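The values are calculated or read from the model by the stated rules, or taken from the named source; none is laboratory data. Bear in mind the structure is a predicted one, so any value in this text is a computation, not a measurement. Using ideal geometry, Cβ is built from the backbone for each residue, glycine included, and neighbour counts are taken over all protein chains shown. We work out accessible area using only protein heavy atoms, side chains counted, and drop any ligands, DNA or RNA first. Shrake-Rupley method; radii C 1.70, N 1.55, O 1.52, S 1.80 Å.
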Amino acid sequence: MFRNALVFLVGFFSFISTASARPCVDSDDNSCWIVKNYSPQPVDLNCTTASWTLISIHSLAPGGQDSVQFNTGYGDGMGFPEPGVLVTCQAKLSSGLQAKLSFSSYGWGDRVEIRVERDLLKATSTEYWLSRNVHTSTARFTSSGI
């Protein structure tokens, strides 16, 4: 009996850890931020506000993807960050090239996709309440990151 309970618990926690690592894909997954690396190099990426680290990824492999689902307990139940917060994302490729871009969050529950391309860092934010409103910010990779 104890062995069966132990096997169940190990299986259950394995399922939970696998499920939480999946990309945000459901229609209810608002405040989902997805990072996709389309560059041929690994990338480090950090996105912050004045007081929060939203995303911190180290050595995301070429072709790799990661995501963050913010807790819907923030704000009005739609997730962090709240409207008007300045977000700054800094990316560094393994070659040393860097890019930095800043954008403001537009509304509660925005979906954000950050794409790392060969020479470009791109953030696309889709407003939850007005899904036809899509905002894009870009920055080029340079040796100085500016």
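Using C-alpha pairs under 8 Å with a sequence gap of at least 6, the mean separation divided by the residue count of the range 106-145 gives a relative contact order of 36 percent.
Accessible area of Asp119 (1.4 Å probe, protein heavy atoms only, ligands and nucleic acids ignored): about 70 Å².
Summing Lys and Arg as +1 and Asp and Glu as -1 over all other residues whose Cβ lies under 10 Å from the Cβ of Glu113 gives a net charge of +4.
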